[in-house]
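Quick notes on the structure that follows.
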Amino acid sequence: MEDYLTPYFKKEGLDIAQLIHDDFYKAIKLCYNNELYVSSIKLIVSFIDSISFVVYGESSGKSFKQWLDEYCNIEQIGISSSEVWEHRNAILHITSLDSNKVKQGKEKRLVAYVGGEIPIAIKNLNESHTKYFEIMELLTVLQHGVENILKNLNERKLDFEDFLNRYDLIVSDCRNLKVTYEK
């Protein structure tokens with residue numbers, strides 16, 4: 001059986017950007033393009049979980065937020081890493097907008113949307129407790145985060161062997177989950 005990395009080896013080296021695209025962005029785009037926006041968001045926060053594990057070697061709220069803060073500059077779209085973490089908890093665990101911390105008023109509720117600006121009338125309904133983010137803007141910020149990872153790998157600021165060993169632990173649709181046999 002061929003190693004899952006084989007198609008990603010090029011003359012220049014391992015094409016990590018294409019690997020990440022195929023393992024994560026492909027499914028996110030498929031959901032997004034078919035207007036399955038909640039499913040798209042679920043895959044996005046799952047991607048952040050996975051990539052933060054690959055970079056830091058742990059799976060926790062700390063590494064999730066650290067990756068967003070260190071690599072993505074999430075604040076440029078008006079939300080914080082801790083708000084995204086709470087959004088992740090709510091959307092993955094109960095497909096809700098309100099995690100326990102949001103219910104307690106410790107974090108703001110995040111609402112994803114698609115397209116232009118949120119109308120002022122909607123924003124003002126519950127502005128003190130809700131923030132809005134555009135899904136494609138979030139994806140753009142995350143893409144910059146991936147670019148920063150690649151830059152750090154090239155500059156040896158991230159250990160390539162550790163990165164690859166952790167990446168090997170990630171499951172994806174590209175990893176020969178389908179077995180074929182002949183009768």
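Condition first: outside any helix (DSSP H, G or I), without any contact (Cβ under 8 Å) to a residue 12 or more places away in the chain and surrounded by fewer than 18 Cβ atoms within 10 Å (Cβ to Cβ). Can you find one or more residues in the range 60-79 that meet it? Reasoning before the result, please.
Taking the range 60-79 and keeping what is outside any helix (DSSP H, G or I), we get 60, 73, 78-79.
When the remaining residues are screened for being without any contact (Cβ under 8 Å) to a residue 12 or more places away in the chain, the result is 60.
Okay, now just the ones that are also surrounded by fewer than 18 Cβ atoms within 10 Å (Cβ to Cβ), so 60.
Yes: one or more hits.
Before we move on, is Y37 hydroxyl-bearing (S, T, Y), under 30 Å from E161 (Cα atoms) and out of contact with any Phe, Trp or Tyr (no Cβ under 6 Å at 6 or more places or on another chain)?
no
Tally time: how many residues in the range 23-41 are part of a helix (DSSP H, G or I) and farther than 15 Å from D173 by Cβ?
6
Name the residue that is surrounded by the fewest Cβ atoms within 10 Å (Cβ to Cβ), counting only residues in the range 34-51 that are of a type outside the set (S, T, N, Q) and closer than 15 Å to H93 by Cα.
Step one: list which residues in the range 34-51 are of a type outside the set (S, T, N, Q), which gives 35-38, 41-45, 47-49, 51.
Now drop any that are not closer than 15 Å to H93 by Cα, which leaves 38, 41-45, 49.
Details: V38: 11, I41: 23, K42: 17, L43: 20, I44: 24, V45: 19, D49: 20.
Applying the filter and picking the extreme gives V38.
Just to be sure I understand the filter: pairs with C-beta atoms under 9 Å, separated by 6 or more residues or on different chains, first member in the range 99-113 and assigned to a helix (DSSP H, G or I), second member exposed (fewer than 14 other Cβ atoms within 10 Å of the Cβ). Which pairs pass?
Listed pairs, sorted by first residue: N100/K106; V102/H129.
The numbers here are math on the coordinates, done by the rules we state, and not lab data. These figures come from a predicted structure and were not determined experimentally. In this analysis, Cβ positions are derived from the backbone assuming ideal geometry, glycine residues included, and neighbour counts consider all displayed protein chains.
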